[in-house]
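Trainee: Questions regarding the structure given below will be posed in turn.
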Amino acid sequence: MHDPATKLVIFDCDGVLVDSEPISVEVMVAEFAKAGVAMDADYVYRNFLGRSMATVVEVAREEFSFAIGEAFLASLRIHLYDRFRQDLKPISGLHTALDDLQKAGISWCVASSSQPDRIALSLTVTGLIERFQPHIFSATMVKNGKPAPDLFLYAAEKMAIPPQQCVVVEDSPAGLAAARAANMTALAFTGGGHALGEAYHNSIDALKPDGKFDAMANLVQFIR
């Protein structure tokens, strides 16, 4: 077996492991509409993709003068999780990618902006949980979420791998910026259901990721 420069692949969850972003955006737009806040899907993608719920709360307060409370969060969670149980699918080719990493002797983990219960549900309903437990990390475990590097650095520390030997697989500008800030190789995955349109790809390309691909089964080809 070769001794790769890369020892760890850090996966984002939403839009990378599971095709959740179109569902999440649809539910969020609907919940804001019920609360009297007009926020379209394009706005949600531009401002919330890859960000933590703390960021959503802050933006809603500053940009819309809307204070997100427990009732809003509870309703959002209930409707989102119901949709996940019904409709959420894993990203095609993921098992092939993980098998290839295993053959190469490369470890992997999850580092997501989502809450731990959402990550667990997403991985469970898509049949992925056994391939990632217990190496699952949430932005709730660090002070600053993406685009700050805190979460990726925390994951690398817990996995006992230096940042320079880590590759991050992300679908969002915030996540790619966080990988850069953490001094890790940044790969842009653009195979999710939300990764459409010129504006999205321009936002990804502007960050000059170390690689960009839309077929998860090809991941190992981008690992050095």
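Trainee: What residues have an amide H closer than 5 Å to that of Thr185, excluding those fewer than 5 places away on the same chain, when H is modeled at 1.01 Å from N in the peptide plane?
Mentor: Cys166, Val168
Trainee: Taking all pairs of distinct Cα atoms, average 1/r, flip it, and tell me the Kirkwood hydrodynamic radius of the stretch 183-224 in Å to one decimal place.
Mentor: About 11.0 Å for the stretch 183-224.
Trainee: Let me ask another. List the extent of the Cα atoms of the stretch 1-89 along each of their three principal axes, largest first, rounded to whole Å.
Mentor: So the three principal-axis extents are 58, 31, 24 Å.
Trainee: Roughly how far apart, in whole Å, are the Cα centres of the stretch 1-61 and the stretch 78-126?
Mentor: Taking the Cα centre of the stretch 78-126 as reference, the centre of the stretch 1-61 is 14 Å away.
Trainee: Pairs of alpha-carbon atoms within less than 8 angstrom and 6+ residues apart define the contacts here; what relative contact order does the chain have, in percent? Could you put the intermediate results ahead of the total?
Mentor: Numbers: 366 pairs, mean separation 63.5, N = 224.
Relative contact order comes out at 28 percent.
Trainee: Which of the aspartates and glutamates could a cross-linker span from Lys158 if the Cα-Cα distance has to be under 14 Å and same-chain partners fewer than 8 positions apart are dropped?
Mentor: Reachable aspartates and glutamates: Asp150.
Trainee: Using Cα-Cα distances under 8 Å and only pairs 6 or more residues apart, what relative contact order does the stretch 1-77 have, in percent?
Mentor: 22
Trainee: How are the Cα pair distances of the stretch 50-176 distributed, in percent, across 5 Å bins from 0?
Mentor: In order of increasing distance, the bins hold 2, 9, 16, 21, 21, 15, 8, 5, 2, 1, 0 percent.
Trainee: With viscosity set to 0.890 mPa s and temperature to 25 °C, compute the Stokes-Einstein D of the chain, Rh being the Kirkwood radius across alpha carbon pairs; µm²/s, no decimals.
Mentor: Translational diffusion coefficient: 139 µm²/s.
Trainee: Go through 6-16, 153-163 and give me the packing order, highest mean Cβ count within 10 Å leading.
Mentor: On the way: 6-16: 24.4, 153-163: 17.6.
Highest-to-lowest ranking by the protection proxy: 6-16, 153-163.
Trainee: For Ala104 and Ala206, what does the FRET efficiency come to when R0 = 22 Å and r is the distance between their Cβ atoms, rounded to the nearest 0.05?
Mentor: In this case the efficiency is close to 0.10.
Trainee: Let me ask another. Take every Cα pair under 8 Å in the stretch 32-127 that's 6+ residues apart, average their separations, divide by the length, and report that relative contact order as a whole percent.
Mentor: Reported as a whole number, the value is 30 percent.
Trainee: Once fully extended, how much extra length lies between Ser65 and Asn183, figured as 0.36 nm per residue of separation less the alpha-carbon to alpha-carbon distance?
Mentor: Working: separation 118, 0.36 × 118 = 42.48 nm, distance 3.62 nm.
Gain on stretching Ser65 to Asn183: 38.9 nm.
Trainee: Give me P(r) over the stretch 60-133, computed from all C-alpha to C-alpha distances, binned every 5 Å, as integer percentages.
Mentor: Pair shares across the bins are 3, 12, 18, 20, 15, 11, 9, 6, 4, 2, 0.
Trainee: Among DSSP beta bridges lying fully in the chain, give the percent that are antiparallel, nearest 5.
Mentor: Within the chain, antiparallel bridges account for around 5 percent of the total.
Trainee: For the stretch 186-203, in order, what is each residue's ³J(HN,Hα) by Karplus, 6.51 cos²θ - 1.76 cosθ + 1.60 with θ = phi - 60°, in whole Hz (x at glycine and Pro)?
Mentor: Whole-Hz 3J(HN,Hα) from phi for the stretch 186-203: 10, 10, 9, 9, 10, x, x, x, 8, 7, 10, x, 5, 4, 4, 5, 5, 5.
Trainee: Now for a different question. As an exercise, identify the trypsin sites (Lys or Arg not before Pro) in the stretch 60-125 lying in DSSP coil whose Cβ has no more than 12 other Cβ atoms within 10 Å.
Mentor: none
Trainee: Sticking with this one: Among the chymotrypsin sites (Phe, Trp or Tyr not before Pro) in the stretch 187-224, which ones are in a DSSP loop with at most 14 other Cβ atoms within 10 Å of the Cβ? Mind listing them?
Mentor: Within the stretch 187-224, no chymotrypsin sites (Phe, Trp or Tyr not before Pro) qualify (loop, at most 14 other Cβ atoms within 10 Å).
Trainee: Something else now. Got a sec to turn the phi values of the stretch 159-171 into Karplus ³J(HN,Hα) couplings, 6.51 cos²θ - 1.76 cosθ + 1.60 with θ = phi - 60°, whole Hz, x for Gly and Pro?
Mentor: Using θ = phi - 60°, the values come out as 8, 6, 10, x, x, 5, 9, 10, 10, 9, 10, 9, 10 Hz.
Each value in this text was obtained by applying a stated rule to the coordinates, not by laboratory testing. Model, not experiment: these values are computed from the prediction. Don't worry about glycine lacking a Cβ; one is built from the backbone with ideal geometry, like all the others, and counts go over all protein chains shown.
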